[in-house]
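Novice: Sharing a structure here in structure tokens format.
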Amino acid sequence: MWKRGKFFAIVGTLQVAFVILFAVLGDYDEQGDAVKSSHRREHGEHEEYELPKLYPMFADVHVMIFVGFGFLMTFLRRYGYSSIGLNLLVAAFTCQWHTIVFGMISSKTFGYFTVGIESLLTADFACAAVLISMGAVLGKTSPLQLIVMILFEIVIFVANEYVTVTLLQIADIGGSVVVHSFGAYFGLAVARMIFKKDVLKSSKEGSVYHSDLFSMIGTIFLWIFWPSFNSALAEEDGQSRAVINTYYAIAASTVAVFAVSSLLNKKSSFDMVAVQNATLAGGVAVGTTANMVIYPYGAVIIGIVAGSLSTVGYQFLTPFLNEKAGFHDTCGVNNLHGMPGLLAGIAGAVVAALATPEKYGDSLYKLYPAMASSNSTLGNTSEVNIEVGRTPIEQGGYQMAAVCVTLAFAIVGGCVTGLILRLPIWDEPKGGELFDDEPNWSVSEETNALIDANDQNEAVLTIDYKKKEITNAV
Amino acid sequence: MWKRGKFFAIVGTLQVAFVILFAVLGDYDEQGDAVKSSHRREHGEHEEYELPKLYPMFADVHVMIFVGFGFLMTFLRRYGYSSIGLNLLVAAFTCQWHTIVFGMISSKTFGYFTVGIESLLTADFACAAVLISMGAVLGKTSPLQLIVMILFEIVIFVANEYVTVTLLQIADIGGSVVVHSFGAYFGLAVARMIFKKDVLKSSKEGSVYHSDLFSMIGTIFLWIFWPSFNSALAEEDGQSRAVINTYYAIAASTVAVFAVSSLLNKKSSFDMVAVQNATLAGGVAVGTTANMVIYPYGAVIIGIVAGSLSTVGYQFLTPFLNEKAGFHDTCGVNNLHGMPGLLAGIAGAVVAALATPEKYGDSLYKLYPAMASSNSTLGNTSEVNIEVGRTPIEQGGYQMAAVCVTLAFAIVGGCVTGLILRLPIWDEPKGGELFDDEPNWSVSEETNALIDANDQNEAVLTIDYKKKEITNAV
Amino acid sequence: MWKRGKFFAIVGTLQVAFVILFAVLGDYDEQGDAVKSSHRREHGEHEEYELPKLYPMFADVHVMIFVGFGFLMTFLRRYGYSSIGLNLLVAAFTCQWHTIVFGMISSKTFGYFTVGIESLLTADFACAAVLISMGAVLGKTSPLQLIVMILFEIVIFVANEYVTVTLLQIADIGGSVVVHSFGAYFGLAVARMIFKKDVLKSSKEGSVYHSDLFSMIGTIFLWIFWPSFNSALAEEDGQSRAVINTYYAIAASTVAVFAVSSLLNKKSSFDMVAVQNATLAGGVAVGTTANMVIYPYGAVIIGIVAGSLSTVGYQFLTPFLNEKAGFHDTCGVNNLHGMPGLLAGIAGAVVAALATPEKYGDSLYKLYPAMASSNSTLGNTSEVNIEVGRTPIEQGGYQMAAVCVTLAFAIVGGCVTGLILRLPIWDEPKGGELFDDEPNWSVSEETNALIDANDQNEAVLTIDYKKKEITNAV
């Protein structure tokens, strides 16, 4: 009885708390304020509305979060309802919670905050981080555990972003470090904490033909809109470069995945898991430097390295992590988000260290504000108070430092969160409940029977199939 | 023989009639007129083209109509071809017919009309109303019946829109009243008229695992682009608010659905049907007030109420309506569009009654043109001919009146249309043809056999499964 | 052993060659150049950035290429991994190769080229041509053969585009001639060259219920975004017309397909293959004239003719081509892209021949630059050097000539490419490997067994089903 009301009580209470926090602290920003807008119109101040400019790319990112991540996770044959359904729940919960936490932390007026199209976009970015972490623990956590994870992860995520982006002033336009690496290593830390041996014994962790096709819906929509993800917050020439670089990096990583995956296979075949995931690694790896002057060939090189690395990771690293090291990375987020995110961080440091005014003109100080000396921002100015900006090498150092800070936040935060998730009050799935929709969903008996039947058929027929093979061989 | 040519003869004739009507009456609007555009360019009148501004949101709505509604209906296990295929046919037919009917009715020049990006968008909105109605009668109507339904529904839809939006001057930016409520209650009235007992006996009305996942493609795309639906026709600060409010309302309704649905279930599980549908209720319920100053917390409250109401509706109201009351609402449109649309209408009246110049500035008169006194629109003006605009309370009254008018149009119109659909000349499906693709599609014998096999398996295995359960229990 | 490394060696080498070519020859265009942008900002030259204007439609086209074409091809029941996976590989490879080839050929500076949002869009268009060709040979070619096909096809595609668009100065805004016809007839020529009798014996060429629904994902996304495809490169009033005309043409072709398909069927049913493909024919057929003054009724007529023609083609022409004529057009690209593309070409010639300044104003010379006399482009000008532009009839002749040139390039190029693909070194699939994922993918034994089981069930149950039918009949 207590179990029955538990999810409702906890999540319902939190949702009501959101209402209160929004009511007390939240408001529309300048552009959504009716009175201020009226005032501007009356005084002939023709302000440019940001929404029409930003909305198309926001919508693309929205597709990535809800369709992309959602369907990507449906590869599990018996966990399709949960993958797509809980993805929706998690993201819908996260985007509210992030608005509140981020709003309060970045508030300059005692916690009061405003929302606008840009804050919706950053909330979606935060969803990406949480969904990446969810990928690492997919099939092994209850809905309640995911809700608790969000509560902690978002606070830590916002703190890390504040330290790296605001204090250390690093450039990370596509969030490869602060979103992808963070989400992946936070998730892996949680996965390590909640690891149980029976995860390895489950027979349900696998895909079937149709579930792999559903998963490709996710892959392709993520693939397509990655240029939007990496360029949504960039501007002018930087935005052009972000689109171009991401387009070529992700194309190159795709070709690399097919090439490397055929090399690694005995029959020279492609690997579906690698194609579903590693093809996207180029988009992650180019994320930090997407708006920089890396030239198309630089983007292609980053893509090739990322795609190859990720494919090799799926083949060799994941089995080791899953079976020996006591991680168990259901979706392989280390290969798709973790390592490519670190690669992006390193590339970001190198590119920053090589950035010069000759190569960038004054764009340099828009892209790396900390490199501007105070007079360069003030124009032709007084002699006093000249503060010299960072050198390229220094900026590179800060970029590297941010990677380390992010790893520290992610791993420590993930471990603490994981420990809390181990409390025996969150209805954690066990044994036969792992990787199975049944504990979460009231599916009709017929559907259950049908799935069971398929599984039985499968088992029986695998034997038949092998017999036949033997017969054929004889 | 007559049957064979019937669909071709009727639909072919109508499509040729469309050609004639377009040829006689239709033209491009100012922005698509080559001669006028040339003229403007020559005289240096740099007109702003609407298309690039409106097109991205139009494209999103287009996705909702064809992917969203189409796949949402594929949950029926044996009606997938029809769901997605007839959705395409119905929308393709409707968008032409609406252009003509709306064009002629709103014409100021004896029936001549022009088309442009905004008319394409309103045609897509009309498709939404028709597809909602189709959801109520899904699996129980022949393609011909759907075509006949469109012919009547569009005329009544346009008439209702004229009365409520043009004459009563109500605000309903997302069309929750004039599109969603109208479509739902029109469809339910038709469903009541064509109700037959054998609908309740059909064994084919149900989903299987994969059909539920296909349905989620529809759900998610509708979910994602709902902010575009509610804000496409809004402007400036109103558009910002429409996006923000819809984003938070639909997120909150999603969380509410999961919470309430777990409370209502004995095993504390989530319900797939509720997740597929009720999660969207927040988008409907906030539609009328999306561009108003309801603040983010207002949007969240509307979302919570809508999601909860819709979930409860699926659990308790739908079984009653389907089995006792002689409605039979295949897709549960009352829960997703009907009740949330009414909720939107009531919220619209309350928000209007509370609208003051202090809260809105001069935006008030853009949002509620009937509240403007004639001098407020004329600026600093003569003393004569001051006509006092509506008070907030009056506007609220008009908003409520529009809800009632819409219900009347929908129910009376739906009943009349339903009676016509009962004429025994439209090849209405009966008995085993209900909820089945076979009468509509030439599927290969193999496919039929395979589906049959699955059904047999299912039946057999349900028994096996129950036996096993009993055995396990013993 | 050699086989194992072959794909990696060839594709890896090509991808590295791309890096080198990009490094030596490629750069960002003006809008992505950081130094030039800085310079413009300093000098207060407020250039309008193209990206925000072009990106939304580019993103739509991107969806068509990767989701649309990819899922459209998943109708084959055992070739789903390859359809969606190789679609991704082919497009990712093509978009790089096209950038290089097109960049070098259209370069005015000894092969050096720049990339920007418009070149990304044209690269996506080139992907469409290649994927259309791939549709003709789907299931009958190895990944290596596809890579080799791309290498040749892109060079020939760029050459044909140069001759028709640059030299002959034809108007073909949606690329119906230079993309769709070209891709279709190139692909058919290749298919004829590599034709083998065992293709006709394969039992795997067919769809199942779910694979048809996956295919509809592709259909619908192509359908929705066709207005973007036809209008992305159009401007101002021409862009408005392109959107409107495509919207109505594709809607009308959809209605026509349902009507004609029910007429052709004995039981008056619809045909799934026609609905998946022929519904799109209206988008192709209106592509060449989309931005012209054809009026909505003209678009509707083109749509009706295209949809009907395409449906008839699927019913009567494809079986003949496949079984008697030694073509074997897996996806029926002749019906969807070939014939509608030719229809577009003819419509383009007729519309050009009827184009007059009275109908177009000065827009005429923007739409058909070759019709401008040199003084009309120079404005009020000197008497010397007046070169008279083409007459409408002449322009119509050039349009027709371009259709013939394109057919010649496609057929000759396709034949040569097909001969090269017949070299016994590309691991061409044979016998049981046709239309089967197994040679290309390492799928788990369980998945194979399951597919096999379904096939067995299907065979057994087809018999059962027929027995039952006989029993029922008796």
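Novice: Are there helices (runs of 4 or more DSSP H) fully within the range A:265-360 with at least 3 residues that are within 14 Å of chain C (Cβ to nearest Cβ)? List them.
Specialist: It comes to A:272-277, A:281-285, A:295-312, A:357-360.
Table: residues versus (1) in contact with a helix residue (DSSP H, G or I) (Cβ under 6 Å, 6 or more places away or on another chain); (2) facing another protein chain (nearest Cβ under 10 Å); (3) among the aliphatic types (A, V, I, L, M).
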position	(1), (2), (3)
C:F66	yes, yes, no
C:T74	yes, yes, no
C:R77	yes, yes, no
C:G80	yes, yes, no
C:L89	yes, yes, yes
C:H98	yes, no, no
C:F102	yes, no, no
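Novice: Additional query: Here is a check on your reading of the model: is B:K3 open to solvent by 30 Å² or more (accessible area, probe 1.4 Å), charged (D, E, K, R), more than 25 Å from C:T289 (Cβ to Cβ) and facing chain C (nearest Cβ under 8 Å)?
Specialist: Taking the combined requirement at face value, the residue satisfies it.
Novice: Right, here's the next one. What's the number of the only condition in (1) farther than 25 Å from B:S83 by Cβ; (2) at the interface with another protein chain (Cβ under 8 Å from one of its Cβ atoms); (3) open to solvent by less than 10 Å² (accessible area, probe 1.4 Å) that B:M216 fails to meet?
Specialist: That leaves (1) as the condition not met.
Novice: Another one. Among the candidates A:V158, A:V148, which residue alone is more than 14 Å from chain B (Cβ to nearest Cβ) and within 16 Å of the chain's Cα centre (by Cα)?
Specialist: A:V158
Novice: Here are some conditions: (1) among the aromatic types (F, W, Y); (2) closer than 24 Å to A:I302 by Cα; (3) out of contact with any helix residue (DSSP H, G or I) (no Cβ under 8 Å at 6 or more places or on another chain). A:Y185 meets all but one. Which one does it not meet?
Specialist: (3)
Novice: Starting from residues that are more than 22 Å from C:G85 (Cα to Cα) and within 12 Å of chain B (Cβ to nearest Cβ), keep the ones in the range C:219-234 and report whichever is farthest from the chain's Cα centre (by Cα).
Specialist: Per the criteria, the residue is C:A234.
Novice: While we're here: Of the conditions (1) under 24 Å from A:G218 (Cβ atoms); (2) open to solvent by less than 10 Å² (accessible area, probe 1.4 Å), B:N230 satisfies every one except a single condition; which number is it?
Specialist: (1)
Novice: For the range A:17-112, please list each of the helices (runs of 4 or more DSSP H) lying entirely inside it that holds at least 1 residues being hydroxyl-bearing (S, T, Y).
Specialist: Once the helices (runs of 4 or more DSSP H) in the range A:17-112 are filtered for at least 1 residues that are hydroxyl-bearing (S, T, Y), what remains is A:34-42, A:51-63, A:80-105.
Novice: On to the next question. Out of all the residues in the range B:25-70, which are within 14 Å of the chain's Cα centre (by Cα) and touching a residue at least 60 places away in the same chain (Cβ under 8 Å)?
Specialist: The answer is B:V61, B:H62, B:V63, B:M64, B:I65, B:V67, B:G68, B:F69, B:G70.
Novice: Scan the range C:128-142 and give yes if some residue there is touching a residue at least 40 places away in the same chain (Cβ under 8 Å), open to solvent by 10 Å² or more (accessible area, probe 1.4 Å) and under 28 Å from C:A344 (Cα atoms), otherwise no.
Specialist: For the range C:128-142, residues touching a residue at least 40 places away in the same chain (Cβ under 8 Å), open to solvent by 10 Å² or more (accessible area, probe 1.4 Å) and under 28 Å from C:A344 (Cα atoms): absent.
Novice: Of the conditions (1) in contact with a His (Cβ under 7 Å, 6 or more places away or on another chain); (2) surrounded by fewer than 24 Cβ atoms within 10 Å (Cβ to Cβ), B:A123 fails just one. Which one is it?
Specialist: Every condition holds for B:A123 apart from (2).
Novice: Considering the range A:193-239 alone, what residues qualify as being of a type in the set (G, A, S) and under 25 Å from A:E118 (Cβ atoms)?
Specialist: A:S228, A:S231, A:A232, A:A234, A:G238
Novice: Of everything in the range A:34-81, what is touching a Leu at 6+ places or on another chain (Cβ under 7 Å) and open to solvent by 50 Å² or more (accessible area, probe 1.4 Å)? Give them in sequence order.
Specialist: Across the range A:34-81, there are no qualifying residues.
Novice: Right, something else. Among the residues of the range B:416-426, count how many are open to solvent by 40 Å² or more (accessible area, probe 1.4 Å) and either free of Cβ contacts under 8 Å to residues at least 40 places away in the same chain or touching a Lys or Arg at 6+ places or on another chain (Cβ under 9 Å) (or both).
Specialist: Of the residues in the range B:416-426, 3 are open to solvent by 40 Å² or more (accessible area, probe 1.4 Å) and either free of Cβ contacts under 8 Å to residues at least 40 places away in the same chain or touching a Lys or Arg at 6+ places or on another chain (Cβ under 9 Å) (or both).
Novice: Quick one: in the range C:6-30, of everything that is under 15 Å from A:K359 (Cα atoms) and at the interface with chain A (Cβ under 7 Å from one of its Cβ atoms), which residue is least open to solvent (accessible area, probe 1.4 Å)?
Specialist: C:Y28
Novice: What do you reckon, is C:G111 surrounded by fewer than 24 Cβ atoms within 10 Å (Cβ to Cβ) and either in contact with an Asp or Glu (Cβ under 6 Å, 6 or more places away or on another chain) or basic (K, R) (or both)?
Specialist: no
Novice: While we're looking at this one, here's another question. Only one of these conditions is not met by C:G103: (1) farther than 30 Å from A:G218 by Cβ; (2) without any contact (Cβ under 8 Å) to a residue 24 or more places away in the chain; (3) open to solvent by less than 10 Å² (accessible area, probe 1.4 Å). Which number is it?
Specialist: (2)
Novice: Also, I was wondering about something else. Which one is least open to solvent (accessible area, probe 1.4 Å) among residues in the range B:311-347 that are of a type outside the set (A, V, I, L, M, F, W, C) and without any contact (Cβ under 8 Å) to a residue 24 or more places away in the chain?
Specialist: Here the residue is B:T318.
Novice: Name the residue that is nearest to the other protein chains (Cβ to nearest Cβ), counting only residues in the range A:190-213 that are aliphatic (A, V, I, L, M) and under 22 Å from the mean Cα position of the chain (by Cα).
Specialist: A:L213
Novice: Okay, moving on. Check the range C:164-177 and report whether any residue there is assigned to a helix (DSSP H, G or I) and within 25 Å of C:D27 (Cα to Cα).
Specialist: Yes, because at least one residue in the range C:164-177 is assigned to a helix (DSSP H, G or I) and within 25 Å of C:D27 (Cα to Cα).
Novice: Name every residue in the range C:150-177 that is open to solvent by less than 10 Å² (accessible area, probe 1.4 Å) and either hydroxyl-bearing (S, T, Y) or within 22 Å of C:C404 (Cα to Cα) (or both), in order of residue number.
Specialist: Scanning the range C:150-177 gives C:E153, C:I154, C:F157, C:V158, C:N160, C:T164, C:G174, C:G175, C:S176, C:V177.
The values are calculated or read from the model by the stated rules, or taken from the named source; none is laboratory data. Nothing here was measured: the structure is a model prediction, and the numbers come from that model. FYI the Cβ positions are ideal-geometry reconstructions off the backbone, even for glycines, and counts take in every protein chain you see. With ligands, DNA and RNA removed, areas are computed over all heavy atoms of the protein, side chains included. Shrake-Rupley method; radii C 1.70, N 1.55, O 1.52, S 1.80 Å.
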